[in-house]
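A short worksheet on the structure shown next.
The values are calculated or read from the model by the stated rules, or taken from the named source; none is laboratory data. All of these numbers come straight from a predicted model, not from anything done at the bench. Don't worry about glycine lacking a Cβ; one is built from the backbone with ideal geometry, like all the others, and counts go over all protein chains shown.
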Amino acid sequence: LIPTDDFCVPAGRETKLKFDRVLCDVPCSGDGTLRKNADVWQKWNISNGNNLHGLQVRIARRGLEMLAVGGCLVYSTCSLNPVEDEAVIHRLLVESQGKVELVEVSDRLPGLRFCRGVKTWKVMNKKLVCFSSPEDVPFEHQSQIR
């Protein structure tokens, strides 16, 4: 993510502390390490990623606040869950109202093997019921999933 304009300065701050690069290696469910870490699978449940989403957004948002215009933020998890990955980035892009852009970096890292992120995903509740959109989520459960 690269800010194209000053993203935000927390209220009450007189001086701006800005960096050229920020790495946000956020806490995550770790479900991307299942192959090498069987213990994760035994403790895994659908709530792990859903419950971390808000914290991940706050950490990444703070990273953007500390980033100079034209700087680069790298968002990192060891999760495969789009709620912890793509949904966090999507939320930041929406909140930034055009002041932040997602950039293609494959040309800068020619040896990097990766898969493109997904553009749509479903969210599940604790009973493994899938919801395709926020409108599908029953009102009483909306604050638990978002």
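When restricted to residues that are free of Cβ contacts under 8 Å to residues at least 60 places away in the same chain, surrounded by 10 or more Cβ atoms within 10 Å (Cβ to Cβ) and among the β-branched types (Val, Ile, Thr), segment 102-140 contains 4.
Can you name every residue in segment 74-86 that is within 8 Å of the chain's Cα centre (by Cα), modelled with pLDDT of 95 or more and farther than 12 Å from Gly32 by Cβ? Within segment 74-86, Tyr75, Glu86 qualify.
I'd like the full set of residues that are at pLDDT 80 or above and buried (at least 18 other Cβ atoms within 10 Å of the Cβ), limited to segment 6-27. Matches in segment 6-27: Val22, Cys24, Val26.
Can you tell me which of Ala68, Ala60 is of a type outside the set (Val, Ile, Thr), in a helix (DSSP H, G or I) and in contact with a strand residue (DSSP E or B) (Cβ under 7 Å, 6 or more places away or on another chain)?
Values: Ala68 fails: in a helix (DSSP H, G or I).
It is Ala60.
For Gly30, state whether it is on the phi > 0 side of the Ramachandran plot, of a type outside the set (A, V, I, L, M, F, W, C) and either in contact with a helix residue (DSSP H, G or I) (Cβ under 7 Å, 6 or more places away or on another chain) or crowded, with 18+ Cβ neighbours inside 10 Å (or both).
Working: on the phi > 0 side of the Ramachandran plot: yes; of a type outside the set (A, V, I, L, M, F, W, C): yes; either in contact with a helix residue (DSSP H, G or I) (Cβ under 7 Å, 6 or more places away or on another chain) or crowded, with 18+ Cβ neighbours inside 10 Å (or both): yes.
Yes; evaluated as a whole, the condition is true for this residue.
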